[in-house]
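Notes follow the structure.
Since every read-out is calculated from the coordinates, none of them should be taken as a lab result. This structure is a prediction, so every number in the text was calculated from the model and none was measured. A quick note on method: Cβ atoms are made from the backbone with ideal geometry, for glycine too, and the neighbour counts reach across all protein chains shown.
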Amino acid sequence: MQDTHGTTRTALAGVVFMIAGVSLFPIMNTFAKSLTAEFILWQIVWARFAGHLLVTTLVFLPRRGMALFRTQKPGRQLLRSSIFFGSNVCFIAALPHVSLATASSIMFTAPVLVTLMSVWFLGERIGIWRWSAVLAGFVGALIIIRPGGDEFNAATLLELGSALCYSTYQLLTRSLTTDDAADTQIVYTALVG
């Protein structure tokens, strides 16, 4: 017999942690943009990943020990983490040249890209409602990006590259869920960066 009360509580905790985590992204992005005025790209990226590694190691290492660093698919884990690193480099490199609102809006194309790429990489089927949502998201992205407009420049392309890398990272993360624990994946993301 399944404990539905415990499962519901766990699911609710997951939702709360996800909302808390995602709400930190605009704060991190605002700090990154403000830091671009005084620091070079590589210092900002290093600080972002060094902080990530410190926090995740302090949280997960006491419970998992050195098993935290064991992975069933080291090559795929390194590829996944390197792509996430690339996403961050592209995003932060573009920040001095685009508004934070534009950069964030372009990053919202990632779910559209994940949906499209999941057909090829994961063999998922997409129904008419999902295709409609993808089309609406794509049209919205074109409105924000305005190809040929004044704000469309090389930095905009960097933000699109960041969204593409992030989408690929998400798909690789999903493909590794049966091989490695979530905390191992989180630490590898920070370690490679």
Taking residue 141 as the residue in question, decide whether it is buried (at least 17 other Cβ atoms within 10 Å of the Cβ), within 30 Å of residue 32 (Cβ to Cβ) and in contact (Cβ under 8 Å) with a residue 12 or more places away in the chain. yes
Read through the list (1) of a type outside the set (D, E, K, R); (2) more than 18 Å from the chain's Cα centre (by Cα); (3) closer than 23 Å to residue 22 by Cα, then give the number of the only condition that residue 187 fails. (2)
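Which is aliphatic (A, V, I, L, M), under 17 Å from residue 170 (Cα atoms) and loosely packed, with under 13 Cβ neighbours inside 10 Å, of 15, 89, 22?
Working: 15 fails: under 17 Å from residue 170 (Cα atoms); 89 fails: loosely packed, with under 13 Cβ neighbours inside 10 Å.
Result of the check over 15, 89, 22: 22.
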Would you confirm, using the coordinates I've provided, whether residue 94 is surrounded by fewer than 18 Cβ atoms within 10 Å (Cβ to Cβ) and under 26 Å from residue 41 (Cβ atoms)? no
